[in-house]
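*Asks:* My structure is below; once you've seen it, I'll send some questions.
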Amino acid sequence: MGRLVRIAVDEGRAARPDLEIGVCGEHGGDPESVHFFHAAGLDHVSCSPFRVPVARLEAGRAALAQTGVSDSR
């Protein structure tokens, strides 16, 4: 499935560079999935309200990991 997501993102943006791409569902709040979707180039994730804090935290961590900044305290 991951390969299909990457293909969809690549081909979608090739056809329309300003295309907004996101995912909706419980995968949007799963920490590993958030990191994968960030790396795949998705613009946003959507999830149930109780998963929002985890999704926000992991989205921040994914962005920091991409820049090479440590998130350790």
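The values are calculated or read from the model by the stated rules, or taken from the named source; none is laboratory data. From a predicted model like this one, the values you see are computed outputs, not experimental measurements. Cβ atoms come from the backbone with ideal geometry, glycine included; neighbour counts cover every protein chain shown. Surface accessibility is based on the protein's heavy atoms, side chains included, excluding ligands, DNA and RNA. Shrake-Rupley method; radii C 1.70, N 1.55, O 1.52, S 1.80 Å.
*Asks:* So which residues in the stretch 23-57 are open to solvent by less than 40 Å² (accessible area, probe 1.4 Å) and over 16 Å from residue 2 (Cβ atoms)?
*Replies:* The answer is 29, 47, 48, 55.
*Asks:* Could I ask something else about it? Name every residue in the stretch 13-63 that is of a type in the set (Val, Ile, Thr) and in a strand (DSSP E or B), in order of residue number.
*Replies:* Matches in the stretch 13-63: 23, 45.
*Asks:* Of everything in the stretch 58-73, what is under 24 Å from residue 7 (Cα atoms) and either in contact (Cβ under 8 Å) with a residue 60 or more places away in the chain or loosely packed, with under 12 Cβ neighbours inside 10 Å (or both)? Give them in sequence order.
*Replies:* Matches in the stretch 58-73: 66, 67.
*Asks:* Give 58, 11, 20 a once-over and let me know the one that is at pLDDT below 95 and among the acidic types (Asp, Glu).
*Replies:* Just one listed residue meets the conditions, 58.
*Asks:* I would also like to ask the following. Kindly check whether there is at least one residue in the stretch 9-20 that is under 19 Å from residue 61 (Cβ atoms), open to solvent by less than 80 Å² (accessible area, probe 1.4 Å) and out of contact with any Leu (no Cβ under 7 Å at 6 or more places or on another chain).
*Replies:* No: zero hits.
*Asks:* Residues of the stretch 13-22 being in contact (Cβ under 8 Å) with a residue 12 or more places away in the chain and over 15 Å from residue 2 (Cα atoms), which ones?
*Replies:* 13, 20
*Asks:* Of (1) open to solvent by less than 50 Å² (accessible area, probe 1.4 Å); (2) part of a helix (DSSP H, G or I), residue 4 satisfies all except one. Which?
*Replies:* (1)
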